[in-house]
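Okay, structure first, notes after.
The values are calculated or read from the model by the stated rules, or taken from the named source; none is laboratory data. Keep in mind that this is a model prediction, so the values were computed, not measured. All Cβ positions, glycine included, derive from the backbone under ideal geometry; neighbour counts span all protein chains shown.
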Amino acid sequence: MRKFIQKALERLDRLDHEQVAHLIAGLSEENELFAGVLESMTDGIVVTDTGRRVILSNRAAARMLGLAAEDVQDRTLCEVVADRELADFLDAHLAGTEKVADREFALDGGRRLLSVSILPLVREGRVQGGLVHVEDITERRSREARLRRAESLASLTTLAAGVAHEIKNPLGSMGIHLQLIRRKIGGKECVDSRDVEPHLAVIAEEVDRLNRIVVDFLFAVKPMDTRLEDADLNAVVSDLIAFVRPELDQAGVAVESDLAVDLPALKLDVRFVKQALLNLIKNAMAAMSGGGRLGIETRRNGDEVQVRVTDTGTGIPAEIMEKIFEPYFTTKPFGTGLGLTIVFKIVKEHFGDIAVASREGEGTTFTITLPVPQKDTMLLEDRRGAR
Ligand SMILES: Nc1ncnc2c1ncn2[C@@H]1O[C@H](COP(=O)(O)OP(=O)(O)OP(=O)(O)O)[C@@H](O)[C@H]1O
Ligand SMILES: [Mg+2]
């Protein structure tokens, strides 16, 4: 159809009345098709001119941005959008030449989340206006939150399985020693205390062990009262390095820190982030008993910030790699095996992820990825509070 219209337009002066009518009908048909497509889209589209005035918008955009048809005529988009933050954003970027993708805005007091992108409308090499794409991501975000909750439930199941496994041994041993005592006192009126003392000592020891398991377990599973507040990750890392430096010096471990200068503020519970990083540093130190290098790096990667802890220690054998985050997994004679479980839990509380790469004999790198604050975390907090 477009080719036909193009051709007809080229020889417009030679067309008769009927052909012009046909051409207009064709144009109107094509126009209707585009309008239909635009209206049936679930994403919002707004086209503005170079003066940021609305020249075209679809129903989804009107609904999401709260635009009424009579409002938008000859007014700039920034004037008709009620949310101040969103209006300022549109004002700042609409006439620009740069594409701005997927900025998130919380509207209606955090009940609705929009992802907004702006693209320059370029024709014949010049910016002729702007195209605003709006997507309602409220559902998607809450689906992601549900998934995260399911994930932490799954890790709780592993934790429970770990505890069950841990308490089996002390319970078994207590059972055996109780039987031995029973045999020694069976049918006798008086018993020499020296006969039963060793068994009682073992039982007391096992009770202690059980108690330790339960206390550690409770610490690992109890809901953390994380309070996420704006914080400077680099400052947290620097404080921590200053705190552990004497210990590292003594162990012959040199610290190399490389902190990104352009880090945005993150939503952190500083106490817990310090604890997680400290656990990683302690593991790194334990892996470098003969000294080595500890690297701590922060860097921004799009919508995420990464903090990386690297050591030049023993490395983690491939066959235990799967297990290191499991509760009670340890290769150390006096380890509890809960260090990394707690790190994992803290990272999840911050909506982040943790990855590990290691080579035996060369060293290990743990990378924690944290999201740059978006309005969805606010939304989740709101919802948690509402329940
Ligand atoms: N940086 C590392 N280099 C080598 N092995 C590591 C490193 N970090 C963890 N591991 C391995 O993972 C295991 C589990 O670590 P995790 O921190 O959970 O427990 P742990 O250090 O053994 O005990 P603790 O509860 O005292 O921290 C360790 O025992 C060790 O085998
Ligand atoms: Mg540890």
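Here segment 69-90 is the region considered, the condition is being aliphatic (A, V, I, L, M) and free of Cβ contacts under 8 Å to residues at least 12 places away in the same chain, and the residue that is nearest to Gln128 (Cα to Cα) is Ala87. Just a yes or no: is a residue in segment 169-185 in contact (Cβ under 8 Å) with a residue 24 or more places away in the chain, in contact with a helix residue (DSSP H, G or I) (Cβ under 9 Å, 6 or more places away or on another chain) and assigned to a strand (DSSP E or B)? No: segment 169-185 contains no residue that is in contact (Cβ under 8 Å) with a residue 24 or more places away in the chain, in contact with a helix residue (DSSP H, G or I) (Cβ under 9 Å, 6 or more places away or on another chain) and assigned to a strand (DSSP E or B).
A residue that is touching a Ser or Thr at 6+ places or on another chain (Cβ under 7 Å), more than 16 Å from ligand 1 (Cβ to nearest atom) and of a type in the set (D, E, K, R) occurs nowhere in segment 251-261.
From the list Ile296, Ile281, the one residue that fits, being crowded, with 20+ Cβ neighbours inside 10 Å, within 11 Å of ligand 1 (Cβ to nearest atom) and under 30 Å from Ala231 (Cα atoms), is Ile281.
Scanning segment 93-117 for residues that are part of a loop (DSSP other than H, G, I, E, B) and without any contact (Cβ under 8 Å) to a residue 40 or more places away in the chain yields Gly96, Thr97, Glu98, Lys99. Note on segment 101-120: residues that are under 20 Å from Glu79 (Cα atoms) and either surrounded by 18 or more Cβ atoms within 10 Å (Cβ to Cβ) or at pLDDT 85 or above (or both) amount to 12. Here is a check on your reading of the model: is Ala35 under 24 Å from Glu135 (Cβ atoms) and assigned to a loop (DSSP other than H, G, I, E, B)? When the stated conditions are applied, Ala35 does not pass them. All told, Thr157 meets the bar of being of a type in the set (S, T, N, Q) and over 30 Å from Val47 (Cβ atoms). Residue pairs whose Cβ atoms lie under 9 Å apart, sitting 6 or more positions apart in sequence or on different chains, and linking a residue in segment 2-14 that is more than 17 Å from Glu29 (Cα to Cα) to a partner that is surrounded by 10 or more Cβ atoms within 10 Å (Cβ to Cβ) and aliphatic (A, V, I, L, M), are Leu12/Val20; Leu12/Leu23.
The test for being over 44 Å from the mean Cα position of the chain (by Cα), over 20 Å from Gly44 (Cβ atoms), surrounded by 14 or more Cβ atoms within 10 Å (Cβ to Cβ) and of a type outside the set (Lys, Arg) holds for Ile181. Total residues in segment 125-165 satisfying the condition of being part of a helix (DSSP H, G or I) and of a type in the set (Val, Ile, Thr): the figure is 4.
Remark: pairs (first residue in segment 317-345, free of Cβ contacts under 8 Å to residues at least 40 places away in the same chain and under 13 Å from Phe217 (Cα atoms); second residue within 13 Å of ligand 2 (Cβ to nearest atom) and of a type in the set (Ser, Thr, Tyr); Cβ separation under 7 Å; 6+ apart in sequence or on different chains) = Gly337/Tyr328; Gly337/Thr330. Among the conditions (1) free of Cβ contacts under 8 Å to residues at least 40 places away in the same chain; (2) over 17 Å from Leu263 (Cβ atoms); (3) more than 12 Å from ligand 1 (Cβ to nearest atom); (4) part of a helix (DSSP H, G or I), Lys274 misses just one, which is (2).
Within segment 64-87, the residues that satisfy the criterion of being farther than 26 Å from Glu139 by Cβ and not hydroxyl-bearing (Ser, Thr, Tyr) are Ala69, Glu70, Asp71, Val72, Gln73, Asp74, Arg75, Cys78, Glu79. Every condition in (1) at negative phi; (2) more than 7 Å from ligand 1 (Cβ to nearest atom) holds for Tyr328 except the one numbered (1). Selection within segment 277-303: residues that are outside any loop (DSSP other than H, G, I, E, B) and under 18 Å from the mean Cα position of the chain (by Cα). The member of this set that is modelled with the lowest pLDDT is Asn301. Residue count for segment 240-270 under the criterion of being assigned to a helix (DSSP H, G or I), more than 16 Å from ligand 2 (Cβ to nearest atom) and surrounded by fewer than 14 Cβ atoms within 10 Å (Cβ to Cβ): the result is 6.
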